[in-house]
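The structure under discussion appears below in the form of structure tokens.
The values are calculated or read from the model by the stated rules, or taken from the named source; none is laboratory data. Predicted model only: the values in this text are computed from it and were never measured. Methodologically, a virtual Cβ is constructed for each residue, glycine included, from the backbone with ideal geometry; neighbour enumeration extends over all protein chains shown.
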Amino acid sequence: MAALAEPSVALSDGLASALERVAALHPECDLANPGTPSATVAVLRQRYEVLDYLVLADSPVVFEGAEGAHTVITDLRVDDVLTDLRAEVESYETHTPGHREALQRLVLAQREIRNTPDGYWVAGANPEAARHGLTGSAMLRGVRSAAVMSDGVSRLVTEYGMATWDEVFATLRAGGPRGLIETVRKTEATDPTGRRWPRYKAGDDATVAYCQW
């Protein structure tokens, strides 16, 4: 938050600074280890009459236009790598030994190509990752509202196909982030073992920030 508070600082520069500062807090850790914790990033910042955004990995920023149309900003490069291993994971029901073993193979393989030119980029110990985020701006006058969310929420539309973006924003207006997350969890509860919607785990982290103007 501190790194991005100055409007003249580009979001990628602010994120790089933040990653560098966090890494400096852990001098005793082996931050070059492929298993070092990492995370997706989705940022939306209002800069006067402009909305700046940065997305790194698959947590999207979604704009609802003044006329009701929706624009989704998301980074799906992770889907383009290790497709065979991803398919193997999704061939098993969740919570089964085969699923756990296939997921472990995928995770180990992802670690080797994470934050490399041959793989995909996420926020980790290397501030260089911030340079690979998807960035851009939208004029505030053309935006009715916006949602910044983790992929554990957006999958209601993108993976489960159980809502449209129109319905997602209607839920946000009526019940806020809590109402939308409850909808996601209720949907997942109808398919706890991943038969209908093959996935890594029954439910992923679900976070939403909802903004209206």
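Results, tabulated for the structure shown:
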read-out	value
Residue satisfying all of: in region 84-111; within 21 Å of T40 (Cα to Cα) and in contact with a Gly (Cβ under 8 Å, 6 or more places away or on another chain); modelled with the highest pLDDT among these	R111
Sole residue being within 30 Å of A66 (Cβ to Cβ), of a type outside the set (S, T, Y) and under 16 Å from the mean Cα position of the chain (by Cα), chosen from V168, V148, V143, V122	V148
Tally, over region 160-206, of residues that are without any contact (Cβ under 8 Å) to a residue 60 or more places away in the chain, among the β-branched types (V, I, T) and closer than 30 Å to T96 by Cβ	5
Near pairs, Cβ below 6 angstrom, 6+ apart or cross-chain, from region 7-22 (closer than 21 Å to T36 by Cβ) to any residue that is surrounded by fewer than 16 Cβ atoms within 10 Å (Cβ to Cβ)	S12/R131
Residue match in region 22-36 (condition: in a loop (DSSP other than H, G, I, E, B), within 20 Å of the chain's Cα centre (by Cα) and either modelled with pLDDT of 95 or more or among the polar types (S, T, N, Q) (or both))	yes
Residue count, region 171-196 (criterion: touching a Gly at 6+ places or on another chain (Cβ under 9 Å), more than 27 Å from G68 (Cβ to Cβ) and buried (at least 17 other Cβ atoms within 10 Å of the Cβ))	1
Search result, residues across region 176-213 that are out of contact with any Phe, Trp or Tyr (no Cβ under 9 Å at 6 or more places or on another chain), acidic (D, E) and not in a loop (DSSP other than H, G, I, E, B)	E182
